[in-house]
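The values are calculated or read from the model by the stated rules, or taken from the named source; none is laboratory data. Remember, it's a predicted structure, so these values are computed and weren't measured experimentally. Don't worry about glycine lacking a Cβ; one is built from the backbone with ideal geometry, like all the others, and counts go over all protein chains shown. Note: areas computed on protein heavy atoms with side chains; ligands, DNA, RNA excluded. Shrake-Rupley method; radii C 1.70, N 1.55, O 1.52, S 1.80 Å.
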Amino acid sequence: IKGYLRLVASLDENVGRLLDHIDKTGLGDNTIVVYTSDQGFFLGDHGMYNKMWMYDESMRIPLLIRYRGVVKPGSVNNALVTMLDFAPTFLDLAGAKIPADLHGRSIAGLLAGRRPDNWRKGVYYHFYGGYGVPEHYGIRTKTHKLVHFPKFGNGDYWELFDLTKDPAELHNICDKPENKNVVSKLRKMLTQREIELKAPSAKGRKTDAAS
């Protein structure tokens, strides 16, 4: 952990040097700065290490953007954004054509404070297994997360977390009767997304499989 924090401190220092250089050379008004990273790394959270788990410590990544004249300094946008949105966003901001086969969406409108009415309500995640982490996939909304481990136990192990009441994801409430409707809704959303993406886990499943 000490070595990890030293790395983070070094990165912070050098990002600051880069931003200072941009401003001192007069490039600040004509440069979009995007600060992000690979997935988060577990440092004992949930008793785990590595970085492939769907829990928020790993699933969430930083995304800070400085775009003078467009992004209001200090503003926060809580729309659900994924790494797949980066490529179409950069193409859009550069005035280039966005290929139709990209799964992501440009967030240029979000940066300007405009959110489309049809913006995504859930984010799909799928890790296919490896490095000591079992295969699992699921869907995350702003308020809940549903995760399936298809090769754990009898293949029907699910986790549900209420991210509003339990942001640390410590209590699996999937089997509680009062959450039946939430689970059904999320499983249907998950299946629809799997079919749209032609995910291997969608083979033989129908969009109403969880209804």
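Remarks
- Selected residue (criterion: modelled with the highest pLDDT) from residues of region 176-211 that are in contact with a Ser or Thr (Cβ under 8 Å, 6 or more places away or on another chain) and among the polar types (S, T, N, Q): SER184
- Residue in region 139-162 that is open to solvent by 20 Å² or more (accessible area, probe 1.4 Å), among the basic types (Lys, Arg) and in contact (Cβ under 8 Å) with a residue 24 or more places away in the chain present: yes
- Region 80-119, residues that are closer than 27 Å to GLY69 by Cβ, in contact (Cβ under 8 Å) with a residue 40 or more places away in the chain and outside any helix (DSSP H, G or I): LEU80, THR82, ALA112, GLY113, TRP119
- For HIS46: the one exception among (1) open to solvent by less than 60 Å² (accessible area, probe 1.4 Å); (2) touching a residue at least 60 places away in the same chain (Cβ under 8 Å): (1)
- Residues that are open to solvent by less than 40 Å² (accessible area, probe 1.4 Å) and in contact (Cβ under 8 Å) with a residue 24 or more places away in the chain, drawn from region 185-200: LEU186, LEU190, GLU194, ALA199
- Test: PRO134 is more than 20 Å from the chain's Cα centre (by Cα) and under 26 Å from HIS46 (Cα atoms): no
- Residue check for VAL34: of a type in the set (A, V, I, L, M), open to solvent by 40 Å² or more (accessible area, probe 1.4 Å) and assigned to a strand (DSSP E or B): yes
- Region 37-59: number of residues that are farther than 30 Å from GLY95 by Cβ and part of a loop (DSSP other than H, G, I, E, B): 10
- Which numbered condition ASP166 fails, given (1) out of contact with any strand residue (DSSP E or B) (no Cβ under 9 Å at 6 or more places or on another chain); (2) open to solvent by 70 Å² or more (accessible area, probe 1.4 Å); (3) at pLDDT 90 or above: (2)
- PRO62, sole failed condition from (1) without any contact (Cβ under 8 Å) to a residue 40 or more places away in the chain; (2) open to solvent by 80 Å² or more (accessible area, probe 1.4 Å): (2)
- The set of residues in region 68-98 being of a type outside the set (A, V, I, L, M) and open to solvent by 60 Å² or more (accessible area, probe 1.4 Å) consists of ARG68, GLY69, LYS72, PRO73, GLY74, SER75, ASN77, ASN78, PHE90, ASP92, GLY95, LYS97.
- For region 18-32, a residue qualifies if it is among the polar types (S, T, N, Q) and under 16 Å from TYR67 (Cβ atoms), and the qualifying residues are ASN30, THR31.
- Qualifying residues in region 120-129 (those that are in a loop (DSSP other than H, G, I, E, B) and of a type outside the set (Phe, Trp, Tyr)) - the one least open to solvent (accessible area, probe 1.4 Å): GLY122
- Just one of (1) modelled with pLDDT of 95 or more; (2) in contact with a Phe, Trp or Tyr (Cβ under 9 Å, 6 or more places away or on another chain); (3) crowded, with 17+ Cβ neighbours inside 10 Å fails for VAL133. It is (1).
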